[in-house]
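> The structure that follows is given in the form of structure tokens.
Derivation of every value follows stated rules applied to the coordinates shown; laboratory data play no part. Model, not experiment: these values are computed from the prediction. As a convention, Cβ positions derive from the backbone with ideal geometry for all residues, glycine included, and neighbour counts pool all protein chains shown.
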Amino acid sequence: MFRDKVLPPNSDDTLQWIPVRIGGRYATVRWQLADASVFTAPFFNLAVSRLHTREHETDLDVLLAIADREHPRFTPCGLIVHMTRCGSTLVLNALKEAESVSVLGEAQPFAFGADVAASLSPHWSRIGLDVLRASAQIFGTSALAKTNALVIKYGVAGLKSLKALRAAWPHVPCLIIVRNPVEVLVSNLNPVAEWLTERYELKNVDVVSRLRTLPMTRGVTSSEASDEAMIQVCAETLGEGCEAALSCIDSLCTVLDYEDICLTTILAVAERFGLCFSASGRLRLEQCLTQDAKARHRKFVNDSERKRQAATSAVHEAVEKWMEAPYRRLRAFRTFCAGVNGATQGD
């Protein structure tokens, strides 16, 4: 397959070529002309899907070469990994109200780099670390970003990739967000999370074929989601992530439980990341805490109790088998404690 060795010229100062996806047999990089919205959206892929701008494909070497030209070397001010459905979107929404900071929510190039960096092959592990650092260099020094302060939030694989992230940026503070695993499991099962369906396919579970025939655009019904195989795949994957994170927690890793997310703990996280809020930013932060994290036009409604009540015996058994022990061990490292249950404001 032919891929360019350079990026086409761009004369529009409001747009810039950024890597939006890396993959394929030969690690092709797909670039797209983007605007500043990619640095404010809670989900990077959603911001990219709304761009409708030119795209271009190059070799991986192009990404690495662009980063090599930039000096001094850039490092993010903070990393966020999490159990999923645990308040990470809220935290990112809140932190982006700080002064002079940009955020990236689950950008695929960073997931690709972390996955490759976790390889047992020293050669591929080194390439993965180079991709992580190069991606951060390109995004962090972009003219579209507010400043060189960048917070990167990872997706579901972030916990399992924590060792690679610590190797890439050993001096960058990292926030690990956890939540009651019963609530996490129920939330991921109804509707079924996209990552879980993909994981199902890798596991060759028969229910995938049934999921695809359901007349629904998102997820499946609660009765279908209660399928024991689906529950086991979800619990095992998330439990393994927690176990992996436990093996590489260091002094710059901070653990925050969903039930402790509130104004006080978010301000403490911001301080760890070297961020501060103006008076107007503080007001926007407080407003964030009253909104649904993923639909900010809606008021937040605490659904923790409802999720616990919806858990079946199969969910409880899977949590006990795969998630409860590593979650408790992770939670023991928590640094911030609000002291008041129910302070949390969304997934």
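> Please give the net charge around residue 291, taking every other residue with its beta carbon less than 11 angstrom from that of residue 291, where Lys and Arg add +1 and Asp and Glu add -1.
+3
> Per residue of region 244-252, in order, report the coupling 6.51 cos²θ - 1.76 cosθ + 1.60 (Karplus, θ = phi - 60°) as ³J(HN,Hα) in whole Hz, putting x for Gly and Pro.
Taking θ as phi minus 60°, the curve returns 4, 5, 4, 6, 9, 5, 10, 5, 9 Hz for region 244-252.
> Taking other Cβ within 10 Å of each residue's Cβ, how do 321, 299 sort, fewest first?
299, 321
> Any chance you could tell me what percent of the C-alpha pair distances in region 104-172 go past 19 Å?
27 percent
> Could you pull out every residue, at least 5 positions away or on a different chain, whose amide H is within less than 5 Å of the one on residue 178? Hs are placed 1.01 Å off N in the peptide plane, and Pro or chain starts have none.
256, 257, 258
> Would you kindly calculate the mean projected area, averaged across all directions, of the convex hull enclosing the Cα atoms of region 255-301, in square nanometres?
Mean projected area for region 255-301: 3.8 nm², to one decimal.
> Springs between alpha-carbon atoms under 10 Å, Gaussian network over the chain: tell me which of 102, 49, 161 tops the mean-square fluctuations.
49
> Additional query: In the structure displayed, which of 160/294; 299/321; 96/294; 153/294; 96/299 lie more than 26 Å apart, Cα to Cα?
Result: 299/321 exceed 26 Å.
> Output ³J(HN,Hα) for region 310-324: one whole-Hz value per residue in order, computed from phi by the Karplus curve 6.51 cos²θ - 1.76 cosθ + 1.60 with θ = phi - 60°, and x for Gly and Pro.
7, 5, 7, 4, 5, 5, 4, 5, 5, 4, 4, 6, 10, 10, 4
> With the cut-off at 1.5 for a/c, could you classify region 30-116 from its C-alpha gyration tensor as rounded, prolate or oblate? Provide the component values of the computation, followed by the final result.
Working: a/c = 1.59, a/b = 1.38, b/c = 1.15.
Because a/c hits 1.5 or more and a/b exceeds b/c, region 30-116 counts as prolate.
> Could I ask something else about it? At 20 °C and a viscosity of 1.002 mPa s, what translational diffusion coefficient does Stokes-Einstein give for the chain, taking Rh as the Kirkwood radius over Cα pairs? Give it in µm²/s as a whole number.
103 µm²/s
> When the chain is treated as a GNM, springs tying every alpha-carbon pair under 10 Å, which of 55, 243, 324 comes out with the largest mean-square fluctuation?
Largest GNM mean-square fluctuation: 55.
> Taking the chain as a Gaussian network, where each spring joins two C-alpha atoms under 10 Å apart, which residue of 261, 231, 66 fluctuates the most?
66
> Taking amide H positions as placed in the peptide plane 1.01 Å from N, state which residues far from residue 28 in sequence (5 or more) or on other chains have amide H under 5 Å from it.
Here 23 satisfy the definition.
> Test of understanding: ordering 169, 322 by Cβ neighbours within 10 Å, fewest first, what list do you get?
Ascending Cβ contact count within 10 Å gives the list 169, 322.
> Through the Karplus equation 6.51 cos²θ - 1.76 cosθ + 1.60, θ set to phi - 60°, convert the phi angles of region 80-90 into ³J(HN,Hα) values in whole Hz; use x for Gly and Pro.
Per residue, the Karplus-derived 3J(HN,Hα) values read 10, 10, 6, 7, 6, 6, 10, x, 5, 5, 4 Hz.
> Under a 5 Å amide H to amide H cut-off, with H placed in plane at 1.01 Å, what residues pair with residue 276 once short-range neighbours are removed?
Here 99 satisfy the definition.
> Helix-only mean residue ellipticity at 222 nm, the chain, DSSP H runs n ≥ 4 weighted -39,500 (n - 2.57), per residue, nearest 500. What is it?
Calculated mean residue ellipticity at 222 nm is -12500 deg cm²/dmol.
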